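Take a look at the structure below.
The values are calculated or read from the model by the stated rules, or taken from the named source; none is laboratory data. It should be emphasised that the depicted structure is a prediction, and the values quoted were computed from it without experimental measurement. Note that each Cβ is placed from the backbone with ideal geometry, even for glycine, and that neighbours are counted across all protein chains shown. Surface accessibility is based on the protein's heavy atoms, side chains included, excluding ligands, DNA and RNA. Shrake-Rupley method; radii C 1.70, N 1.55, O 1.52, S 1.80 Å.
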Amino acid sequence: MALAVMLLNSASFHAGCCRHKVLLSLRAPLLGDSKLCSSYRRPGAEPAKKLSWQNADFSFKKGIDHLKTQLSLLKKETQDYLKGPSGHQISQHLLEQTKVLWQFRSQEDLNKWVISSDVEIGGKSKVYIKLGRNNQAALLYGTLNTEAPRDGETKYSGYCSMRSRPAVGSFNRKKYYDWSNFNTLYLRVRGDGRPWMVNIYTDPYFSHQKDDLYSYFMFTRGGPYWEEIKIPFSKFFLSSRGRVQDNQHPIWLDKVRTLGFTIGDKIDGPFQLEIDFLGLLNDRAHREEFAYEAYDKNTPV
């Protein structure tokens, strides 16, 4: 009899443990606990020392100050919205032919951009940004190195990039650039003769489009002279995770998030690019809507 009781108790104990493990496995994705989920970590990456919530600063005074700042931003956005698109009168917005988006005259202008390189995946390329001579331009420079990291996973390396920070509204709301009134990207740059890729990222309508990117080439002449480059938006092609897509479509110019530049021409050595300003142009002589063939998936029989 005692033996039967022991067997029943052990069975109930094991069943409870199994139920407990099942609950933990279901609760792990909700809690985001790395110990309960997969412990895979990319080779060479440092382990997380603290959880994200442990770095938060719970300060009542800072919270009040932040609330005041966000309310003032909301007030300004409301005034601009009532005044007209981008804070301009509607007539001025419709007749606008050119518009300067970014120009580089101070450190505050540089802080609106982010630089990155293949160091994030273990590469050896280096990139820097600073103000040019007389604080009249941004100087993007560095060294490209195509040596792949020896982690047994990465096959290719050698890129550097510069990307604008996404626009953020009051209370950390997403803001979009509306370029639908223009048809050409207008740049004034001075390069060293190396080709660059101009990238435009738009906010996706669906989650599976989060890696979509619109790109086109920018070829610099090199030498001491500045050059003005005009790239129609109809020339930008769609890619996802570095692969050009068969199904092409024009850019959604009313939902632009960021603009960026990437160099990755597989040539080791130094590079530099000076940027005076980045703007938009409404070229009335350009009538092309889209430069690439669009396939009709539902072809009528």
### Query
In the stretch 215-226, is there at least one residue being farther than 25 Å from LYS126 by Cβ and of a type in the set (Lys, Arg)?
no
## Note on the structure
Exactly one of LYS75, LYS112, LYS62 is within 30 Å of LEU139 (Cα to Cα) and either modelled with pLDDT of 90 or more or open to solvent by 60 Å² or more (accessible area, probe 1.4 Å) (or both), and that one is LYS112
#### Entry: Residue tally, condition among the polar types (S, T, N, Q), more than 22 Å from ARG173 (Cα to Cα) and modelled with pLDDT of 80 or more, over the stretch 78-100
2
#### Entry: Scan of the stretch 120-140 for residues that are more than 19 Å from ASN199 (Cβ to Cβ) and in contact with a strand residue (DSSP E or B) (Cβ under 9 Å, 6 or more places away or on another chain), ordered by number
LYS124, LYS126, TYR128, LYS130, LEU131, GLY132, ARG133, GLN136, ALA137, LEU139
### Query
Restricting to the stretch 199-252, what's the tally of residues that are open to solvent by less than 70 Å² (accessible area, probe 1.4 Å), over 22 Å from PHE290 (Cβ atoms) and of a type in the set (Ser, Thr, Tyr)?
1
### Message
Being more than 21 Å from GLY264 (Cα to Cα) and part of a loop (DSSP other than H, G, I, E, B) is the filter here; which residues of the stretch 121-142 pass it?
### Response
GLY132, GLN136, ALA137
### Message
Anything in the stretch 262-295 that is among the hydrophobic types (A, V, I, L, M, F, W, C) and in contact with a Gly (Cβ under 8 Å, 6 or more places away or on another chain)? List them, or say none.
### Response
PHE271, LEU273
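Would you be able to say whether some residue in the stretch 165-173 is of a type in the set (S, T, N, Q) and open to solvent by 90 Å² or more (accessible area, probe 1.4 Å)?
In the first step, residues of the stretch 165-173 are kept if they are of a type in the set (S, T, N, Q); the result is 170, 172.
Among the residues that remain, those that are also open to solvent by 90 Å² or more (accessible area, probe 1.4 Å) are: 172.
Looking for residues that are of a type in the set (S, T, N, Q) and open to solvent by 90 Å² or more (accessible area, probe 1.4 Å), one finds at least one in the stretch 165-173, hence yes.
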